[in-house]
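Each remark here refers to the structure printed beneath this line.
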């Protein structure tokens, strides 16, 4: 299930975006105020509050110690992700693709921004972390092989001859069919190639770490946007209560 999570959540996000595209071609002014529209709106709002559980438990250590023996943080994260997408889908259906107020338009826009930014940040940051781990493992292996080749080259300095390097390169380029692929590579050539691999891997690791630091700032931005979303949602709910919950009439 965990392996299919990005695919499932990606499909739900795509559905959300497709539903949003219905605004220019479909409008139902009375649907949001109907009984079904009201039920969808309430259900969507409740689901949108579920992600708060993960954020609160994660940051309050005392609460985390009490909750995690019964519900793991991984489970809470799964609730956070799925409820954070399903809730906005229900809310978007609840709107009936109706533009009636600046608050409703802003709330809809914030829902889309928070969901899409959350999806990109969650899975792209996870992918970058895996790439860094993989590249560091490859870097350690290449560095070890480079040190071995360097010691071999120091023990046999004649293998570092430029003529030998050129001969080996030309043989590989023009006589590869006649060259034995299993023939041992000269230590000088192997050392140069390993040095290039180490340099490439170090550059890749540094690049990925730059993206990782950037996404750590993204997390703060995502939390801020979520706070704005909850504020707008609170105002929307207050307005619905103030004007009489007319969809239940």
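The values are calculated or read from the model by the stated rules, or taken from the named source; none is laboratory data. Quick caveat: nothing in here was measured; it's all calculated off a predicted structure. We place every Cβ from the backbone using ideal geometry, glycine too, and count neighbours over all the protein chains shown.
Of note:
- Evaluation of residue 63 against (1) without any contact (Cβ under 8 Å) to a residue 60 or more places away in the chain; (2) in contact with a helix residue (DSSP H, G or I) (Cβ under 6 Å, 6 or more places away or on another chain); (3) crowded, with 16+ Cβ neighbours inside 10 Å (one fails), failing number: (3)
- Any hit, segment 192-210, residues being modelled with pLDDT under 75, outside any helix (DSSP H, G or I) and either farther than 30 Å from residue 34 by Cβ or not assigned by TED's automatic domain parsing to the domain that holds residue 102 (or both): no
- Contacts under 8 angstrom Cβ, first residue in segment 233-247 being modelled with pLDDT under 85, partner surrounded by fewer than 11 Cβ atoms within 10 Å (Cβ to Cβ), 6 or more apart: 247/35
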